[in-house]
Amino acid sequence: MSRVVRHTVRAAALLVGLPLAGLFAYDWVAVRPHVAEVEVLLARAEPLEASPPQRVRDLIDAGVASPDAYGARLALAHVDGTDRRSAVGRHVRELLWRFLLPLHLDDSAMYGLIVSQAYNGTDRGLAALARREHRTSLDALSPLEAARTVAVIQGSYVLRDHRRVEARAEWLLARTGHAR
């Protein structure tokens, strides 16, 4: 093998190998020790929050594109609490958790994190919001009620304005194709 090819292969191995080794090390030190804590959090959640109905999952997908990013952020907030680090550091940690946490938890658990840990205006959990606002469980919500319930995970500012909740709910319904 020529010297140029040998150096190119070594450089490529370093460029790929070092970041993978760093990712593995971060997983081992920062994510893996907290997976059991996240699983306990899901075990304590209501059954319909730990494994949300398909309609709720579809609406979450329409609003956040993937449960991995938002679920990882909620898990990280639970594990680390309020973060006083720099914004860049927080975003880097969220990005790492976004890729690593789904390696330890399945899709259902990621949806469960969102539904059980999302802020609902007074506490956490979309099941409590569904009971409070619509007097029913998550699996018995109409499409519009489910969209209103899921709309609040956009942020607490949405909760303060009924028109924003309605607009977000209509947008979610249009994206999922559910009938009103």
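The values are calculated or read from the model by the stated rules, or taken from the named source; none is laboratory data. From a predicted model like this one, the values you see are computed outputs, not experimental measurements. Virtual Cβ from ideal backbone geometry, glycine too; neighbours counted across all protein chains shown. With ligands, DNA and RNA removed, areas are computed over all heavy atoms of the protein, side chains included. Shrake-Rupley method; radii C 1.70, N 1.55, O 1.52, S 1.80 Å.
Remarks
- The share of Cα pairs per 5 Å bin across region 1-100, counted from zero up to the longest distance, runs 2, 10, 15, 18, 16, 12, 9, 6, 5, 4, 2, 1, 0 percent.
- Between region 138-156 and region 6-56, the alpha-carbon centres lie 28 Å apart.
- Coil-residue trypsin sites (Lys or Arg not before Pro) of region 70-104, DSSP, other Cβ within 10 Å capped at 16: Arg84, Arg85
- Net lengthening on full extension, Leu95/Asp139 (0.36 nm per residue, minus Cα-Cα): 12.7 nm
- Local net charge near Leu42, Cβ-Cβ under 13 Å (Lys/Arg +1, Asp/Glu -1): -4
- Of the labelled figures (1) 45, 35, 35; (2) 43, 32, 31; (3) 71, 32, 29, only one reflects Cα extents along the principal axes in Å as derived from the coordinates, namely (3).
- Spin-label proximity, Val79 to region 28-49 - amide N less than 13 Å from point 7 Å beyond Cα toward beta carbon: 28-41
- Counting only Cβ charges, +1 for Lys and Arg and -1 for Asp and Glu, the dipole size of region 57-180 around its Cα centre is about 420 debye.
- Taking 0.36 nm per residue of separation and subtracting the Cα-Cα distance, full extension of the segment from Glu39 to Leu15 would add 5.2 nm.
- Peptides 134-143, 12-21, 54-63 ranked from most to least packed, by the mean per-residue count of other Cβ atoms within 10 Å: 54-63, 134-143, 12-21.
- The slack in the chain from Ala30 to Ser51, taken as 0.36 nm per residue of separation less the alpha-carbon distance, amounts to 5.0 nm.
- For region 42-180, the relative contact order comes to 29 percent (Cα pairs under 8 Å, sequence separation of at least 6).
- Taking every alpha-carbon pair within region 50-90, the share separated by more than 11 Å comes to 70 percent.
- Rolling a 1.4 Å probe across the protein heavy atoms gives the chain an accessible surface of 57 Å² per residue.
- Region 51-116, relative contact order [Cα under 8 Å, separation at least 6], %: 52
- Per atom type, the chain shows carbon and sulfur on 58% of its accessible surface, probed at 1.4 Å.
- Label-point separation in nm, Arg3 to Ala174, each point 7 Å along Cα→Cβ: 6.4
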